[in-house]
Structure formats: structure tokens, C-alpha cells
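Reading through the C-alpha cells given below for one structure.
The values are calculated or read from the model by the stated rules, or taken from the named source; none is laboratory data. What you see is a predicted model, and the numbers here were worked out from it, not measured in a lab. Cβ: placed from backbone, ideal geometry, glycine included. Neighbour counts: every protein chain shown.
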Protein chains: 2
Amino acid sequence: MRAVGILAGAGGLVEAVVAACKREARPYFIIAFEDQSDPEFIKDHPHVWVGLGQVGKVITSLRQAGAQDLVLAGAFKRPSFSSLKTDFMGARWLAQLIGKSMGDDALLRFIMAKLEGEGFKIVAAEDLVGATLLGGAGLLTKKAPSKEHLLDIKRGLAILDALSESDVGQAVVIQEGLVLGIEAVEGTQALVTRTGEYKRAGRHAPLLIKAFKRAQDGRADRPTLGAQTIEALEAAGFAGVAFEAGEVILLDQDAMAQAANNKDLFIYGFTRD
Amino acid sequence: MRAVGILAGAGGLVEAVVAACKREARPYFIIAFEDQSDPEFIKDHPHVWVGLGQVGKVITSLRQAGAQDLVLAGAFKRPSFSSLKTDFMGARWLAQLIGKSMGDDALLRFIMAKLEGEGFKIVAAEDLVGATLLGGAGLLTKKAPSKEHLLDIKRGLAILDALSESDVGQAVVIQEGLVLGIEAVEGTQALVTRTGEYKRAGRHAPLLIKAFKRAQDGRADRPTLGAQTIEALEAAGFAGVAFEAGEVILLDQDAMAQAANNKDLFIYGFTRD
């Protein structure tokens, strides 16, 4: 079994990847990033803590742990380049980025290419956890989107597709054709909470729409939904969530569907025409 | 002099239009919308209060006041269609909108066409106030954007242009290539305040970028900056604001420039290549 190095961002995906490694008795080692990874979970697993700019330390640690495959798991808050404390190798990587105005995916593709240049293979989380990690097409819940919600899904997908050319935006909130919010760096939870404040009285409550950026590399920063998303949707008075089938990670689908059914929300996987 | 009917949204533009009418001794009459217009200013001027759905009352009032030209001044919060209380004529207009998922501009174009069908002429605020209402190209302040800010302006304009095809988005906040926020219904003030929370330590503070949606009709809902915007930028720790020259309303440019100079912010009018 090839050993896996897990570059750990925030959120439940790190746990799912670790669970998959244990299930297959695959050796793993976690690179925990300051201000990014979850210390509570990580302390019970083989790991090292590093700063985002300590590229040399990351690579040395991965080699010492015998990692051959790497997985980028979870969400990363992106710092400003000028605030990064880099080691020697980090400074060399950073020098190649100065003066560029890059989106998240362009940046992640740069990092993945550099890591592959060091001899590691980057694998997708779903290759480790299993394809069921990605939500499929159709309804997961008793409640279904209304005809108006289906129109909003179309409109939301058009907006996310337009934005994906600029390498930004994974989620949008719409109510009866009105775009209540577009996600940038704030994260889906914050998007849902703030757009809950802008919603209108009306027959159709807002819905959250998540899709995969067309320019995106699926091995990094895949859009993710979890039980926490359902809680946020309920608290904000939404009707449900629609996601691009086969492209969005659903963490613990059973718990999500149960929570949504309890709260009369829909979870719906849409496909492109 | 043709009499002007002012459909009054929120913000200082209504005052600027009224001042221009008085300067030219042009008769005017304000249609004040519940939950939209500013009662404090409006009470001292000829006006009637209506609900957004009371189309018949709007048109009758405008005719009684002798209005021939109409100006849409200020920002309107859009309600959900299903919450609108309409009169007979409003219900007939609304019936033509049901089942459509429209952006703000498509909706405003629909409304303007209907009003012109009733015999009114829709004029732009800058035709009444004067072309100086729109900010020109170049710097208004001592401080200028950095080279990195100029890169961010390019990136911001590309994002706003991509969104404008979906008829949404007039503003974006970027810091060193990272998109901190994209405006939907929340308004520029709220966008600036929330993205101030997401900014990174770094050499270049974020900037606000405002442009004109390409599909937009300039007679309605033109992007607007005012002294309040400068206050919000300062409170949020921004470097400044860049706007599309000749396309964005600057309310009280002298006050804006003075406030920005006091706080070491830039105000910069950019042009398309």
C-alpha cells in the first residue's frame, strides 16, 4: 500500500480520508497547517504542524513519513502573499507568484504541479474515500424543489459558469429570480447566514446552489456540503440546496438527508442539460 | 419647462435631482415608495406615498401632477413578487412577470417600457443634474492605486463583465488578486463592511471596484458612490475605490475627495482599454 500524505484544511473531509486509510490499512501522515487545520482531530494522528509558507518543511516531512500519494483535503483560507512567512524553498515558490493576480484554482494548480515536480502523486479525495463521496443526481429528501426553484437553479448555474472563467465562486443563493448572494472567500456557511437576512417574504424560500467551477482541478478544493450546511440552511429559513451531481462532495449523506427531512428541506442533485 | 416625476429610491440622488429642478425652476413631483424612499427629505416636497405594486396610483398621480418626464432616482430594494400588494393595474403588470427568473435590469427595462407605453418619457438623472454627476477618468485624490491595485482592477472588471451577462453584480472587492466579495442584493456599504472582516495582513489593502453592467440601461439604477462610501472604506481598512469613468454616479465629488484625502484613500476613475 502506498503511504498517503494528507494536506489538511478545515472541515470534515480530513476525517473521511483518515477513516478510508484506516479501513484499507494504508499508512498516512498529516501535514497540519497553522490557522487552517483542526487541532482537536489531528492530535490523535501522526502529523507535523507547519506554516503555509514552510514548503521545505512540508516536503521533508512527507519524505520522512514515506508518503508517495498526496491528498489535499478540506478548505484553506488563503493569506496575502506578503504576510506569508516562508522558508527557503517557500520563498523560491513565492518568487514565481509575485506580480500575478491569481484565482484560487490557478494557485492550487501551481502548487500541485510543484509537488508533482518533487515526485509526489496528487490523488483526489474520492479516489481514497470512494465515488459515493460525490453526491449523485436526483432527490435525497422527501421534499422536492418547486418549478420556480428549478428556474432559479438554471439561473444560478449560469452565474456560476460565468464566474468560473474568472476562477471565483462556487455557490450562489437565489430567491424567485433575485440573486441574494454570491460566494467569494467567505465560505458557504457565511453566505447562507448573511443572505438569510436579505430574503423576501414570498411563496418560495431561497435556495443554495453549488456547482463545480469549469476550470477547476477536482483534486483540490472541491465544493463540499455537510450536516452543518443543512443546519445553516434551516437557521436561515431556506427551502433547500441544489448541487451539481457527481461534482460536489457530500459528507455523511445519510445524516444530511435525515436532518433535511426533519426540517422539511430539499437536497437535490441537478445535472447539466 | 416639462414637469418631472421623480420615482424615489433610497440615497442622495433624489436630493440632487430635486436641487437641479429647483435650479432650473422646473416643476417636479415625487412618487415616494413605502419602505424605499427617505421620509425625512420627502416631507418638504410635493409627493405621494405608494406601495411598489400600486401601479395605477403611480400613473394617476403622475398625470395629475402634469409630469411628462420621469426619472428613476436612487436604489430600490426588490421585494419578492409574491409579497407585492398590487392594485388592478399592478396585477396586470405582474401577471406578465410570473414564471420569469429576471435580473434587476431586465425588470427595470420592463417597467420603463410599460411607463413609456403610458406616454411618459424616461430621462437619465445625469440629463437633469448635468454630466458632471458621472465621475471622470483619472485620480480625484492625492493617493494613487499601486501597480498591484491596477492588476486587481483588471481582474475585478473581468469578473463584473462576466457577471453582467447574468444581469447581476455592480461591485467587487479584491486584495492582491484574492476576491474578498462580490455584490449581489446587499448593497455596496454592506459589501465593504463584511469584506473588511476577511482582509489579510499584507502590503496592499483591499480596494472596491465598481463598473457599469454592460446590459444595463443607464436611466435606471446606475452604480453610485458617495461620501458614505468613503466612510465605509475607511472603517473597513481599504486602500481606496476604483470606478468605471463616465459610467458611475459620484454624489458630491468635492466632499468625497476631501474625505478620501483626509483618510489617505484613493478614488480612481479607470477606463476600458
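Couple of notes before you dig in:
- Residues (free of Cβ contacts under 8 Å to residues at least 60 places away in the same chain and either over 17 Å from B:Leu151 (Cβ atoms) or surrounded by fewer than 16 Cβ atoms within 10 Å (Cβ to Cβ) (or both)) located in region A:98-110: A:Ile98, A:Gly99, A:Lys100, A:Phe110
- So B:Asp221, is it surrounded by fewer than 21 Cβ atoms within 10 Å (Cβ to Cβ) and assigned to a loop (DSSP other than H, G, I, E, B): yes
- Members of region B:234-261 that are assigned to a strand (DSSP E or B) and of a type outside the set (A, V, I, L, M, F, W, C): B:Gly240, B:Glu244
- When residues of region B:175-202 are limited to those that are part of a loop (DSSP other than H, G, I, E, B) and in contact (Cβ under 8 Å) with a residue 40 or more places away in the chain, the one nearest to the other protein chains (Cβ to nearest Cβ): B:Val185
- Those residues of region A:254-268 which are in contact (Cβ under 8 Å) with a residue 24 or more places away in the chain and either among the polar types (S, T, N, Q) or surrounded by 15 or more Cβ atoms within 10 Å (Cβ to Cβ) (or both), in sequence order: A:Met256, A:Ala257, A:Ala259, A:Ala260, A:Asn261, A:Lys263, A:Leu265, A:Phe266, A:Ile267, A:Tyr268
- Within region A:227-248, residues that are over 13 Å from A:Ala190 (Cα atoms) and in the same structural domain as A:Asn262 (by TED's automatic domain parsing) reach partners that are surrounded by fewer than 19 Cβ atoms within 10 Å (Cβ to Cβ) and of a type in the set (Lys, Arg) with beta carbons closer than 6 Å, at six or more positions or on different chains, in the pairs A:Glu234/A:Lys263.
- Unique residue being touching a Leu at 6+ places or on another chain (Cβ under 8 Å) and more than 16 Å from A:Leu140 (Cα to Cα) when the list is A:Ala211, A:Ala235, A:Ala215, A:Ala242: A:Ala211
- Wholly enclosed helices (runs of 4 or more DSSP H) of region B:1-73 bearing at least 2 residues surrounded by 20 or more Cβ atoms within 10 Å (Cβ to Cβ): B:13-23, B:55-64
- Filter result (away from chain A (no Cβ under 12 Å), among the aliphatic types (A, V, I, L, M) and either assigned to a loop (DSSP other than H, G, I, E, B) or surrounded by fewer than 23 Cβ atoms within 10 Å (Cβ to Cβ) (or both)) within region B:203-214: B:Ala211
- Residue match in region B:42-59 (condition: more than 14 Å from chain A (Cβ to nearest Cβ), polar (S, T, N, Q) and in contact (Cβ under 8 Å) with a residue 24 or more places away in the chain): yes
- Filter pass, B:Ile174 being more than 15 Å from B:Pro206 (Cα to Cα), modelled with pLDDT of 90 or more and surrounded by 23 or more Cβ atoms within 10 Å (Cβ to Cβ): no
- Any hit, region A:249-261, residues being more than 25 Å from A:Phe76 (Cα to Cα) and in contact with a helix residue (DSSP H, G or I) (Cβ under 8 Å, 6 or more places away or on another chain): yes
- Only one of the numbered conditions (1) surrounded by fewer than 23 Cβ atoms within 10 Å (Cβ to Cβ); (2) touching a Ser or Thr at 6+ places or on another chain (Cβ under 7 Å); (3) in contact (Cβ under 8 Å) with a residue 60 or more places away in the chain is violated by B:Arg155, and that is (3).
- Across region A:186-221, the number of residues qualifying as within 21 Å of the chain's Cα centre (by Cα), modelled with pLDDT under 90 and not acidic (Asp, Glu) comes to 8.
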